[in-house]
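The values are calculated or read from the model by the stated rules, or taken from the named source; none is laboratory data. What you are looking at is a predicted structure, and each value in this text was computed from that prediction instead of being measured. Because the Cβ atoms are built from the backbone with ideal geometry, glycine has one as well, and the counts that use them run over all protein chains shown. All accessible areas refer to the heavy atoms of the entire protein, side chains included, with ligands and DNA or RNA removed. Shrake-Rupley method; radii C 1.70, N 1.55, O 1.52, S 1.80 Å.
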Amino acid sequence: MQIKPLRMGNIEAKLPIIQGGMGIGISLGGLAGAVAKEGGVGIISAAQIGYREPDFDRNTKEANLRAVRTEYAKARAIAPEGVIGFNIMVAMKDYDDYVRAAVEAGADLIISGAGLPTELPRIAGDAKVKLAPIVSTAKSAKVIFKYWDRKYKRMPDLLVIEGPRAGGHLGFTREQLEEYLPSYDAEIKEILSVVREYEKAYGFKIPTALAGGIDSREAAAHAFSLGADAVQAATRFVTTEECDADVRYKQAYIKAAQEDIIIVKSPVGMPGRAIKNSLMEKVMSGEKIPHGPCRRCLEKCNPAETPYCITEALIHAARGEVEDGLLFCGAYAYRADHIENVREVIDSLLPQGSGNQEG
């Protein structure tokens, strides 16, 4: 299979591979820069990105906005000519401010999900940044396309279709997960039909990327055979030398068995996929985990009612405190069996002979 570069308007990535955004602190400037250097699209997660800043607990928002700039600069120094963007969740508090910070930092692309990014074009304004909503159903795709068409007279520069085998927060109810896990292909085709409808109306191509369970050459080939222009992979990049997480986080993936990969309930009610550990066992048994001051991460979180603080749990994980952390992962995380590098991951996802052969 001959693969083509990923073109988003006037921006082109040599390889049609997007490294998915992973927060807190899993995909920062180091990983994103390494992927972009190899010709893929490197994505920095904006979720509590400033957790390592000394004033994070006192001035969370300011620390995060500062880190948006520094992590982007780090990635850009690694890949001066690469395609580098941010993943910014709609569910985040101060979403508008994080989008503007990413634009001001110089991001090539903003990928946005965990809610419908209906207002993303308004916030980005006339900036040259490319905008990519994440959808999981044809219904969500129709809402985004119709709204952006009617209100902004514009289309996404890229559409990310995230399936039920993805990691972290999922765009499905538990019932939908049961429906789509056997096969998601029919829903993908419905989403692509929505894309084709608006491509025809606007007279230009709207590229699509398929995400969720893309862990092998075969999975990527299947995505391309369905009509995707690119694939987005996240879990595979966790167990790389360049990943920004603590090595103990990476080892947790390597040690995990298939039965350790579970669907958990986020403090804000959204289903997510993670590795079972002591923290999750306590939460599943109904125990409420004490936590520190609210860091204002998610718009709909009520600290007085939440069973545990997702910010604290994700920071514990990123720092390698794996039994006390929330270890988000994709459905096939248990297949990881060693630490590799970013180039090896990219080469293992692309058809034989189509990987990055430079240098």
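Say a paramagnetic label sat at a point 7 Å from the Cα of Lys128, along Cα to Cβ; which residues of the range 93-110 have their backbone N under 19 Å from it?
Within reach of a label on Lys128, which here means backbone N under 19 Å from a point 7 Å along Cα→Cβ, the range 93-110 contributes 100-110.
Taking the square root of 5 times each eigenvalue of the Cα gyration tensor, what semi-axes in Å does the equivalent ellipsoid of the range 94-226 have, largest first?
Gyration-tensor ellipsoid for the range 94-226: 25, 17, 15 Å.
Quick one: which residues, 5 or more positions from Thr208 or on another chain, have an amide H under 5 Å from its amide H? H modelled 1.01 Å from N in the peptide plane, none for Pro or chain starts.
Leu159, Asp229, Ala230
Using only the alpha carbons of the range 1-76, what is the convex hull's orientation-averaged projected area in square nanometres?
It is 5.6 nm².
Within the range 158-312, what percent of beta bridges assigned by DSSP are antiparallel, to the nearest 5?
The answer is about 50 percent antiparallel.
Using a ≥ b ≥ c from the Cα gyration tensor of the chain (square roots of the eigenvalues), is it rounded, prolate or oblate, where a/c under 1.5 gives rounded and otherwise the larger of a/b and b/c decides, a/b for prolate?
rounded
Exceeding 26 Å between C-alpha atoms, which entries from my cross-link table qualify? They are Lys128/Lys250; Lys74/Lys128; Lys4/Lys130.
Lys128/Lys250
Find the accessible area per residue for the range 63-176; the probe is 1.4 Å, ligands and nucleic acids are left out, and the unit is Å².
Dividing the accessible area of the range 63-176 by its residue count gives 38 Å².
Could you work out Rg/(2.2 N^0.38 Å) for the range 153-194, with Rg from alpha carbons only?
1.31
Find the relative contact order for the range 242-294 and round it to a whole percent, using C-alpha pairs within less than 8 Å whose residues are 6+ positions apart.
21
Under 10 Å, Cα contacts only: if you run a Gaussian network model on the chain, which one of Ala46, Ala211, Ala219 comes out with the highest mean-square fluctuation?
Highest fluctuation among the options: Ala219.
Would you kindly work out the equivalent ellipsoid of the range 188-345 from its C-alpha gyration tensor and give its semi-axes, the square roots of five times the eigenvalues, largest first in whole Å?
With the √(5λ) rule applied to the range 188-345, the semi-axes are 32, 22, 14 Å.
Quick check: at a probe of 1.4 Å, how many percent of the accessible area of the chain sits on carbon and sulfur atoms?
On the chain, the fraction of accessible area on carbon and sulfur atoms equals 49 percent.
Do the sum for the chain: with -39,500 (n - 2.57) for every DSSP H run of n ≥ 4, divided by all residues, what is the mean residue ellipticity at 222 nm, to the nearest 500 deg cm²/dmol?
-10500 deg cm²/dmol
For the range 25-39, in order, what is each residue's ³J(HN,Hα) by Karplus, 6.51 cos²θ - 1.76 cosθ + 1.60 with θ = phi - 60°, in whole Hz (x at glycine and Pro)?
x, 8, 10, 10, x, x, 5, 4, x, 5, 5, 5, 4, 7, x
Find, to one decimal place in angstroms, the Kirkwood hydrodynamic radius of the range 197-274, where the mean of 1/r is taken over every pair of different Cα atoms and then inverted.
After inverting the mean inverse Cα-Cα distance, the result is 15.4 Å.
Going by average Cβ neighbours within 10 Å, how do the peptides 173-183, 150-160, 23-33 rank, with the highest at the top?
Output ranking for 173-183, 150-160, 23-33: 23-33, 150-160, 173-183.
Any idea what % of Cα-Cα pairs in the range 39-78 are farther than 17 Å?
30
Which three numbers, in whole Å and largest first, are the semi-axes of the equivalent ellipsoid of the range 1-156 derived from its Cα gyration tensor as √(5λ)?
24, 21, 13
If you take the charge dipole of the chain about its Cα centre, with +1 on Lys and Arg Cβ and -1 on Asp and Glu Cβ, which of Ile49, Leu131, Phe237 is farthest toward its positive end?
It is Leu131, whose Cα lies furthest towards the positive end.
Could you sort 324-336, 252-264 so that the peptide with the highest average Cβ count within 10 Å comes first and the rest follow in order?
Ranked from most to least packed, the peptides come out as 324-336, 252-264.
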